[in-house]
Amino acid sequence: MTHDVAVLGGGPAGMAAATEAASHGARTVLLEESPLPGGQVYRALPPGYAGPADADRRAGDALRAALAASGADLRTGCRVWGLGGGPLVPQGAAAAPFTLSALGHDGVPFTITTRALVLCTGTHERIIPFPGWTLPGVIGLAAATILLKVQGVLPGRRIVVAGAGPLLYAVAAKVLAGGGQVAAVVDAATHGEWLRALPALAARPDLLAQGAAWRTRLLAAGVPVIHGAHVTAADGDGVLGRVRVGDRAIDADALCIGHGLVPATEATRTYRARHEHRPQDGGWVPVLDGRQRTSVPLLYAAGDGAGVRGAAAAPAAGRVAARAALDDLGLAHAGSQDAALDRARRAGAAMARMMALRPAMVEAIPPETIVCRCEGVTRAAIDAAAADGAVTINQLKHFTRCGMGPCQGRMCGEAAGALLAAAHGVPIGAVGFATGRIPLRPVPMEAILGAFDYADIPVPAAAPI
Ligand SMILES: Cc1cc2nc3c(=O)[nH]c(=O)nc-3n(C[C@H](O)[C@H](O)[C@H](O)COP(=O)(O)OP(=O)(O)OC[C@H]3O[C@@H](n4cnc5c(N)ncnc54)[C@H](O)[C@@H]3O)c2cc1C
């Protein structure tokens, strides 16, 4: 069966998009890698785990309940690795529906086809490399929220929390609530940057109150908060022992560090949609019209994967995308406005600006520091490739293998692009982005090849000598 609408990603944007499409009668399928929908911020607890019924839990449960009641076909625990159809048909071939190939929760591969595709793939986090960032004990700030929220596990006993954006204070407060010690919070933003963000945040008094509560908790616990500063190195004997912030050395057994969120554009890049580099939205983002349409017909993007705007804006954007798809398919005229979207976007934009890439941090990466941890490529190797003539990020891949490992540049792509741009004295947008390639996610070869017997493979007769 060909679906009318497929939604890739079951975070707040994807759940709302699928609910909207299915409740207007479209044959809708939602594909999500986690065992339950929810995405990063509304991640559901695994069976057997109990957690507080806080605002996030309630908002996630409401979206999950609406999705369950909508009649959408929900495929969770499946990793989508392959994309086809749409603009990926060979030149001259007839138009074809989009195809998504996935590895199911039971390990069995399957493919779905769909007339319209809404991409709600979220973000991955940005960590600007520094000496020692690959040591055990150093973890992502956003990754720490998963450990704390879902598993209820502390990343260490004495923890430094560092980087940029509101997740810093969320993580530090959760560490304290879980009984851990926060040795310091190292915030890249200055007091002035936070003050300038306040008017936009006033549009969301609930978020403002939550932020104030986190800061109060840190103050009460006597946690030092260092503003306008960066972690310059992490060291220790095989595992993290100390975090260095300039001249200061802070003893710690865990460092949770993140410098913002980067839209996950693997799928829009693979479908060759038009993109532009917008640092204030997180980096490379697909170019959209006012209704979340990409430059590829019947391909839509919503949520943080289309530009970082936060969890509150994501469902509204998902609904707008689904309504555009319903209109374009001639299935329903569902309207294009969502009153919640503008207000949520304003507050989200202020936070996204705080988390934008700071080029000075990239320029400060020392030469021997590993930038691409999958392939062991250092800053010195990137500079050497630039000197040898690598001008675009794709050329840098060819010269150094940077971004060619299992993470496919999700971790290093931005820093590598910024280094290349700095070497040539051009804006980051000028070095381009890595061409989208499948598999979108690492999958076992057998999932791609399927079952076969070597004996059945026809062997051509040997050529005469
Ligand atoms: C690790 C992490 C933790 C975060 N924690 C918080 C937090 O605690 N508080 C907060 O306010 N914000 C947090 N954020 C930001 C938050 O994710 C977003 O603001 C919000 O969730 C955006 O919603 P979304 O629907 O756009 O994307 P997401 O919620 O990220 O949902 C995207 C979904 O797409 C799925 N997906 C992507 N690609 C595939 C694929 N190929 N196959 C199958 N499924 C796929 C993912 O599994 C994910 O569930 C976090 C971000 C990250 C990266």
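Note on segment 1-39: among residues that are surrounded by fewer than 19 Cβ atoms within 10 Å (Cβ to Cβ) and away from the ligand (no atom under 13 Å from the Cβ), the one that is modelled with the lowest pLDDT is Met1. Here segment 412-435 is the region considered, the condition is being of a type outside the set (A, V, I, L, M, F, W, C), in contact (Cβ under 8 Å) with a residue 24 or more places away in the chain and not in a helix (DSSP H, G or I), and the residue that is nearest to Arg401 (Cα to Cα) is Thr435.
Within segment 297-334, restricting attention to residues that are away from the ligand (no atom under 12 Å from the Cβ) and open to solvent by less than 10 Å² (accessible area, probe 1.4 Å), which residue is nearest to the chain's Cα centre (by Cα)? Among those residues, the one meeting the criterion is Tyr300. Can you pull out the residues in segment 216-242 that are open to solvent by 50 Å² or more (accessible area, probe 1.4 Å) and part of a strand (DSSP E or B)? The answer is Arg242, and nothing else. With respect to (1) surrounded by 24 or more Cβ atoms within 10 Å (Cβ to Cβ); (2) hydrophobic (A, V, I, L, M, F, W, C); (3) within 25 Å of Ala415 (Cα to Cα), the lone exception for Val245 is condition (1). Restricting attention to segment 274-296, the residues that are among the small types (Gly, Ala, Ser) and within 15 Å of the ligand (Cβ to nearest atom) add up to 2. Count of segment 80-123 residues, restricted to those that are within 16 Å of Leu440 (Cα to Cα) and either open to solvent by 40 Å² or more (accessible area, probe 1.4 Å) or hydroxyl-bearing (Ser, Thr, Tyr) (or both), is 8.
Counting only residues that are out of contact with any Phe, Trp or Tyr (no Cβ under 7 Å at 6 or more places or on another chain) and over 18 Å from Gly260 (Cβ atoms), segment 383-421 holds 22 of them.
Please go through segment 119-159 and give me each residue that is basic (Lys, Arg), closer than 19 Å to Ala233 by Cβ and either more than 13 Å from the ligand (Cβ to nearest atom) or not in a loop (DSSP other than H, G, I, E, B) (or both), ordered by number. Result: Arg158, single match. Just one of the listed residues (Ala172, Ala213, Ala197, Ala203) is touching a helix residue (DSSP H, G or I) at 6+ places or on another chain (Cβ under 7 Å), closer than 20 Å to Ala144 by Cα and either in a helix (DSSP H, G or I) or within 16 Å of the ligand (Cβ to nearest atom) (or both), namely Ala172.
Once segment 40-63 is narrowed to residues that are more than 12 Å from the ligand (Cβ to nearest atom) and outside any loop (DSSP other than H, G, I, E, B), the residue that is surrounded by the fewest Cβ atoms within 10 Å (Cβ to Cβ) is Arg58. Against the list (1) at pLDDT 95 or above; (2) crowded, with 22+ Cβ neighbours inside 10 Å, the condition Val287 fails is (2).
The values are calculated or read from the model by the stated rules, or taken from the named source; none is laboratory data. Values in this document were obtained by computation on a predicted structure and should not be read as measured data. Please note: Cβ atoms are built from the backbone with ideal geometry, for glycine as well, and neighbour counts cover all protein chains shown. Note: accessible area is taken over every heavy atom of the protein model, side chains too, but ligands, DNA and RNA are not part of it. Shrake-Rupley method; radii C 1.70, N 1.55, O 1.52, S 1.80 Å.
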